[in-house]
Amino acid sequence: MSEDYEVRYWTKQFGVTKDELARAVTKAGPRSAAVAHALGKTLE
């Protein structure tokens with residue numbers, strides 16, 4: 001969440017807002033698979 005380019009990439013990848021992404025990272029930790037699961041998304 002500290003790198004703007006990563007936040008832009010993951011919000012676009014998951015189709016979520018920055019706030020939604022931040023909540024998922026807080027809940028699930030920094031691993032992309034865990035964040036995807038917390039958001040109810042899949043990695044493609």
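In this structure, does residue 23 turn out to be charged (D, E, K, R), modelled with pLDDT of 95 or more, exposed (fewer than 13 other Cβ atoms within 10 Å of the Cβ) and not in a loop (DSSP other than H, G, I, E, B)?
Numbers: charged (D, E, K, R): yes; modelled with pLDDT of 95 or more: yes; exposed (fewer than 13 other Cβ atoms within 10 Å of the Cβ): no; not in a loop (DSSP other than H, G, I, E, B): yes.
Answer is no for this residue.
Taking each residue of the range 1-12 that is modelled with pLDDT of 95 or more and looking for partners that are of a type in the set (S, T, N, Q) and surrounded by 13 or more Cβ atoms within 10 Å (Cβ to Cβ) with beta-carbon atoms closer than 9 Å, six or more apart or interchain, yields 10/32.
The values are calculated or read from the model by the stated rules, or taken from the named source; none is laboratory data. Just so it is clear, the structure is predicted and the values come from calculations on it, not from any experiment. Please note: Cβ atoms are built from the backbone with ideal geometry, for glycine as well, and neighbour counts cover all protein chains shown.
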